[in-house]
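Derivation of every value follows stated rules applied to the coordinates shown; laboratory data play no part. This is a predicted model, so every value here is computed, not measured. Please note: Cβ atoms are built from the backbone with ideal geometry, for glycine as well, and neighbour counts cover all protein chains shown.
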Amino acid sequence: MVGILGILIIFAMVFGGYLAAGGKLGIILKALPFEMMIIGGAAVGAFLIANDMSAVKHTLKDIGKVFKGPKWRPNDYRDLLCLLFELIRLARTNPVAIEEHIENPEESSIFTKYPRVLTDGEAVSLISDTLRSASMNYDDPHQVEEVLEKRMDANLHHAMHSSHALQTMADGLPALGIVAAVLGVIKTMASIDQPPEILGGMIGGALVGTFLGVFLSYGIVGPFSGKVKTAVEEDSHFYQLIREVLVANLHNHATNICIEVGRQNTPSHNRPSFNDLEEALKTVKQDAA
C-alpha cells in the first residue's frame, strides 16, 4: 500500500508541478508511446541479455515485495521460536523421536502446527540439517556456526540478485533516454525545412526521451531496487534467528535460554514481547502434556 502511495505521489508531484508551471501534456502524450517503446524496449532487452530465465523469474517475483513488503511478520517470528522450542525440547528428551520430524517435516506433527514456516523450504532445511548434524555428533558450536554463516551469506547473495538486476537497469535508463533523444534530434534535423512551430514540437518530443529515461530510473526502477533490497535484508533476519537459537542449543544452554537468545536477536519491530512469547510457549507445553 505504501509503495502504491509513493508511485501516486511521484506522478502527482512531477506532472502536477509541470502543469502548474504552465506546461502542456500534449507534446509528452504524443511522443510517449514511441519514446517508451525505444527506452522501455531497450531496457527490457538488455535485462534479458544480462540475466538467465531463472533470474528473470526471480526478479519478477521479487517486484511484489515493493508493494507487499517483507515476507515475515511479527507472528511468524513468534511461531518460529515456538517451533524451535518444541524441536529442541524433544531432541533433548528423546533424541530418537526427533528423527521422524526432521526427516519428514511435511508429515511432522510439530512442523505442521506452523504452516507459514513449513512452506519456506530454506527455513525447514536449515532447521532439519542443523538438528540432523547434531544427532550425528557434528556438534561443535563454532564449526556449525561457521557453516551456517557461510550458507546464509550464499543465500543472501542469491536473494540480492533481483535488487542488483533492477539497479543495473535503473543505471542504464538515463543513457537509453539520451539514445531516444538523439534519435528524435536526427528526425528533427531531417525536417529542418519545416516552420519553427513544427520544429519546436519535434524538439520537444525528442527531449521527452531524456526526461523519460531519467524519470524511470530515479523515480520508478531505482526505488523498486532499493525496496527489494530492504525487504530481502529484512527477511534474512528470520534465518539468522534460526542460527542463533540452534547454535545456543549446541552450547547446551537451557531450552528457555536458547529461545530467549533468539528473541533478543529478533529486530525490535518484529520481536515478540517476553510475556507474549511466554504465553505462546505455555500453550505449546499444555498441548504437549
At least 24 Å along the helix axis (C-alpha) and Kyte average at least 1.0, DSSP helices within the chain: 2-20, 25-50, 196-215
Cα pair count fraction exceeding 30 Å, expressed as % - the chain: 49 percent
Highest to lowest packing among 245-256, 65-76, 10-21, 47-58, scored as the average C-beta count within 10 Å: 245-256, 65-76, 47-58, 10-21
Estimated dipole of the chain in Debye, rounded to 20 [Cβ of Lys and Arg +1, of Asp and Glu -1, Cα centre]: 1040 debye
Two-site label geometry, Y218 and Q194: point separation in nm, points 7 Å out along Cα→Cβ: 2.9 nm
L32-K61 FRET efficiency (beta carbon distance; Förster radius 25 Å; 0.05 resolution): 0.30
Entries of K229/K282; K227/K285; K68/K113 with Cα pairs more than 29 Å apart: K229/K282; K227/K285
Estimated Rh, region 1-150: Kirkwood, alpha-carbon pairs, angstrom: 20.5 Å
